[in-house]
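First the structure, in the form of structure tokens, and then the observations on it.
The values are calculated or read from the model by the stated rules, or taken from the named source; none is laboratory data. Just so you know, these numbers come straight off a predicted model, no measurement behind them. Cβ coordinates were reconstructed from backbone atoms using ideal geometry, including for glycine residues, and neighbour counts include every protein chain displayed.
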Amino acid sequence: MPIEDFNDLAAFVAVARERSFTQAATQIGVSQSALSHRIRALETRLGLRLLARTTRSVSPTEAGERLLQTLAPRLEEIEAELAALRELREKPAGIVRISTAEHAASTVLWPKLKQVLPDYPDLQLEINVDYAFTDIVAERFDAGVRIGESLEKDMIAVRIGPDMRMAVVGAPAYFATRTPPQAPQDLTAHNCIRLRLPHGGLLAWEFERNGHRLNVQGEGQWVFNGSPAVLRAALAGAGLGYVPEDVANEHIAAGRLTRVLEDWCPRFAGYHLYYPSRKQSSRALAVVVEALRYKP
């Protein structure tokens, strides 16, 4: 149906309901003469008179009453559906894709986002675990997570976690035959469980005390590409692991791991969510950002 037919039908319903060209014209925002022209055009196309006009009143003819009874409920349904669509537009909906490391996914994203997602049934989250510094624009991610807030141009960073520390840990069985290290240099005599980075290099163990910084590349029999595997190997007594403090704490408290070189492990800026500035208008991403925002 041409759009002019729809507009003319809606105009007819307005006049038939109000029984007044003046009131109907005000309601739909057109002049009285333009409204009268629409009704005459509709009657001409149908070959029927729809409204009986006098100097004092307007009322539907028999044909007009029949058309009104048919059209009015359907127009109400259309208006209700359009209102629902406008409401849907204002609700967060769609997919938010985030690139992150496994530790951030399990300790920050999952605990926080699982609390809010049930409130937004039209919102879907896709968490992609990757240790590389992913180009989130090229890979079509909405946001990424990394340590610290040093970012590329046109990116916005939002802190989502507290400061972090790493911990050097080993199982009691490992230390049963080895002397715990007292300084980072002592690691040369230990079996260090190392972490392979996405670009191919090995993660350096970073230490600092009294302004003195030291990076150590220990040697050992085991190399993994994820910190959970490093932690499991340390728990099994395979060597010393260098892992985030928060994932080691429960094992230290339970006596399954022993921490060493604690006074050499500095604090550093924790996780930040980053995303392109052009994404600010996304209501779905805004919900995620607010849910993850760090509140000390």
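Tell me, yes or no, whether the stretch 155-165 has at least one residue that is more than 24 Å from residue 273 (Cα to Cα), surrounded by 14 or more Cβ atoms within 10 Å (Cβ to Cβ) and not β-branched (Val, Ile, Thr). Scanning the stretch 155-165, I find no residue that is more than 24 Å from residue 273 (Cα to Cα), surrounded by 14 or more Cβ atoms within 10 Å (Cβ to Cβ) and not β-branched (Val, Ile, Thr), so the answer is no. Scan the stretch 240-260 and give yes if some residue there is modelled with pLDDT under 95, under 30 Å from residue 136 (Cα atoms), under 33 Å from the mean Cα position of the chain (by Cα) and β-branched (Val, Ile, Thr), otherwise no. The answer is yes; a qualifying residue exists. Within the stretch 28-40, being part of a helix (DSSP H, G or I) and surrounded by 15 or more Cβ atoms within 10 Å (Cβ to Cβ) holds for 28, 35, 36, 38, 39. Within the span defined as the stretch 213-226, one or more residues are surrounded by 15 or more Cβ atoms within 10 Å (Cβ to Cβ), within 16 Å of residue 103 (Cα to Cα) and either small (Gly, Ala, Ser) or assigned by TED's automatic domain parsing to the domain that holds residue 102 (or both).
Answer with yes or no whether residue 238 is more than 25 Å from residue 161 (Cα to Cα), out of contact with any Pro (no Cβ under 9 Å at 6 or more places or on another chain), in a helix (DSSP H, G or I) and among the hydrophobic types (A, V, I, L, M, F, W, C).
No; evaluated as a whole, the condition is false for this residue.
Is there a residue in the stretch 200-213 that is among the acidic types (Asp, Glu) and part of a helix (DSSP H, G or I)? No, the conditions are met nowhere in the stretch 200-213. Please enumerate the residues belonging to the stretch 179-205 that are surrounded by fewer than 14 Cβ atoms within 10 Å (Cβ to Cβ) and of a type outside the set (A, V, I, L, M, F, W, C). Residues satisfying the conditions are 179, 182, 185, 188, 198, 199, 200, 201. From the list 240, 285, 292, the lone residue that is closer than 30 Å to residue 178 by Cα and either surrounded by fewer than 16 Cβ atoms within 10 Å (Cβ to Cβ) or in contact (Cβ under 8 Å) with a residue 12 or more places away in the chain (or both) is 240. Residues that are small (Gly, Ala, Ser), under 24 Å from residue 253 (Cβ atoms) and in contact (Cβ under 8 Å) with a residue 12 or more places away in the chain number at least 1 in the following strands (runs of 3 or more DSSP E) confined to the stretch 96-187: 164-170.
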